Amino acid sequence: MATRLRRLTTRRSPPKLLFFALLMLAPVCVIGIYNYGQKISYFFRPLWDKPPLPFRRLPHYYAENVSVEHLCRLHNWSIRSQPRRIFDNIIFSNELDLLEIRWHELNPYVSKFVIMESNTTFTGIRKPLFFASNRARFAFAEEKIVYGVFPGRIASPGSLKDPFVLESLQRGAMNGLLHSAGISNGDLVIMSDTDEVPSPHTLKLLQWCDGVPPILHLELKHYMYSFEFPVDYSSWRATVQIYTPQTRYRHSRQSDVIFSDAGWHCSFCFRSLEEFTLKMTGYSHADRVKRKAFLNYSRIQRIICRGDDLFDMLPEEYSFKEMIKKMGSIARSDSAVHLPSYLIQNADRFRFLLPGGCKRNIVQLK
């Protein structure tokens, strides 16, 4: 009888052990999901999300010393008797170095530089009007500048307001500023962020050719931190459009046509570590800053030189194959070929954007 009781006791023990094991495991799972939920979600993205419909890609023909008439013909377009006017439209935060490169690069082809900045970030953090206080730096384009200020909203502590709402309002305000710049039907309008820079020969081709699609997305070569870390050709949000009364400023998909290899997109390409933290906490994806340690200058500097991810995220891909392919650090490139000419001409000033220049300064923004 005693032996049977011992056997019954032994058989009933495992459920208690399992209960205590689950009790101990539950908080561990909760903490893990809280800290790594975003990473877990991105890892399983191929299971819960579908990729957008693919673009119809237009080949891009270009070589030095080839006439624009011949290039138009290669694209099955015809040459115009006069070039279209081009209006370059951007909302600006604090990308002063990239703005200088952009405007010098595009200046020969652009009629008006339309720029709007705000006194707050998208997340409601008060910030200086960086362009206004550095306007003398852009005196070379002064006659072409149409400048506006968007009154931002200061977020109260603990506020959970969606930063995309404020971003959308600021982008919407660009329509009025563009209209005041004197744009007319048939002009070309560039809609992009400051760090999305069309190549000059792309603009020259589009302004001189007839038959160009009315809304054309631009495929830009994507770089991270500098032109030392090329990522891929995944940047597509920038567009060039033939203006009509129905044209509205947007930074999202507006057509199914994309023009191949049409420029550069240099993300987080800042001179100072302070500029990095301003963008990390101020742009619409600021929720990716999961811990205060993410804003540590030493950590950011280390990540820049390694080509790692600032937010410790997995690649945003729709297939496990592409995700695995892009895991890990971005491969360095020693090439500084086919980059903006103004950057190369002023390489000493912009060393931080070129191969071997990953070290950043810690400076106070003005």
Asp308 under 20 Å from the mean Cα position of the chain (by Cα) and of a type in the set (Asp, Glu): yes
One residue from Thr247, Thr239, Thr281, Thr277 being modelled with pLDDT of 95 or more and outside the structural domain of Ser118 (by the TED database): Thr277
Some residue of the range 167-177 being charged (D, E, K, R), within 21 Å of Leu99 (Cβ to Cβ) and in contact (Cβ under 8 Å) with a residue 60 or more places away in the chain: yes
From Val212, Val231, residue being under 18 Å from Tyr109 (Cα atoms), touching a helix residue (DSSP H, G or I) at 6+ places or on another chain (Cβ under 9 Å) and touching a residue at least 40 places away in the same chain (Cβ under 8 Å): Val212
Strands (runs of 3 or more DSSP E) (entirely within the range 87-200) containing at least 3 residues that are of a type in the set (A, V, I, L, M): 112-118, 145-150, 188-191
Any hit, the range 126-136, residues being crowded, with 18+ Cβ neighbours inside 10 Å and within 22 Å of the chain's Cα centre (by Cα): yes
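The values are calculated or read from the model by the stated rules, or taken from the named source; none is laboratory data. Since the model is a prediction, treat every value here as computed from it, not as a measurement. Cβ: placed from backbone, ideal geometry, glycine included. Neighbour counts: every protein chain shown.
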